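Worksheet: one structure, shown below.
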Amino acid sequence: MNPKELTIMCIEDNDDHVELVRTAITQSMKSCRFIRFADAESAMQSMLKDCVSNDLRQCSSADLILLDLALPGMNGLTFLKRLKSYHHTKRIPVIVLTISGSEEEIANAYHLGANSYIVKPLHEEEFIIKLVELSMYWSLTAEVPNPTGAAAVSR
């Protein structure tokens, strides 16, 4: 089974966490493009800058978003709500990857359209295992929507 080449957007302000994520994902996926934003506002601006006239082919976006919730400025839940409100970006799978195991935040994230919620373990080894499992699932098992494909549905 050949892994898909995916563009992974990581929205995370903690540099140490970003390096763990980048290393685990790029080593286990082999063929991926990794983009990092330290805050949600700059990620949103980047994703929307090329979206013109409801044409998905002109959007530059990610195939998968890894989203922290505790971010400077716009928090992760606000980003998720905005992301899912735009026709051009609502199809992008979002994996919340955060330190909070709060039942309220978990429920809110799923309510707003998160596809998965992963609590970052305290121990680095456990964190790496979760990241490798995550990347294997998304690169080998799951299918992600193609933004330029004919099957893209507009509503």
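The values are calculated or read from the model by the stated rules, or taken from the named source; none is laboratory data. Please read these numbers as outputs of a predicted model, since none were measured by experiment. Don't worry about glycine lacking a Cβ; one is built from the backbone with ideal geometry, like all the others, and counts go over all protein chains shown.
Computed quantities for the displayed model
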item: Criterion violated by residue 146 - all others in (1) over 22 Å from residue 42 (Cα atoms); (2) at pLDDT 90 or above satisfied; result: (2)
item: Failed condition for residue 104, given (1) modelled with pLDDT under 95; (2) of a type outside the set (Phe, Trp, Tyr); (3) surrounded by fewer than 16 Cβ atoms within 10 Å (Cβ to Cβ); (4) out of contact with any helix residue (DSSP H, G or I) (no Cβ under 9 Å at 6 or more places or on another chain); result: (1)
item: Members of region 128-147 that are in contact with a helix residue (DSSP H, G or I) (Cβ under 8 Å, 6 or more places away or on another chain), within 17 Å of residue 65 (Cα to Cα) and surrounded by fewer than 18 Cβ atoms within 10 Å (Cβ to Cβ); result: 132, 136, 144
item: Selection from region 74-90 of residues that are out of contact with any Ser or Thr (no Cβ under 9 Å at 6 or more places or on another chain) and not hydroxyl-bearing (Ser, Thr, Tyr); result: 74, 75, 77, 79, 80, 81, 84, 90
item: Looking only at region 56-66, and only at residues there that are crowded, with 18+ Cβ neighbours inside 10 Å and outside any loop (DSSP other than H, G, I, E, B), the one that is farthest from the chain's Cα centre (by Cα); result: 56
item: Failed condition for residue 90, given (1) under 17 Å from the mean Cα position of the chain (by Cα); (2) modelled with pLDDT of 90 or more; result: (2)
item: Hits in region 1-41 (condition: modelled with pLDDT of 95 or more, of a type in the set (Gly, Ala, Ser) and touching a Leu at 6+ places or on another chain (Cβ under 6 Å)); result: 40
item: Residue in region 107-123 that is surrounded by the fewest Cβ atoms within 10 Å (Cβ to Cβ), counting only those that are assigned to a helix (DSSP H, G or I) and touching a Leu at 6+ places or on another chain (Cβ under 7 Å); result: 108
item: Odd one out for residue 95, checked against (1) assigned to a helix (DSSP H, G or I); (2) at pLDDT 90 or above; (3) within 14 Å of residue 21 (Cβ to Cβ); (4) under 18 Å from the mean Cα position of the chain (by Cα); result: (1)
item: Options 80, 69: the member that is modelled with pLDDT of 95 or more, within 25 Å of residue 105 (Cα to Cα) and outside any loop (DSSP other than H, G, I, E, B); result: 80
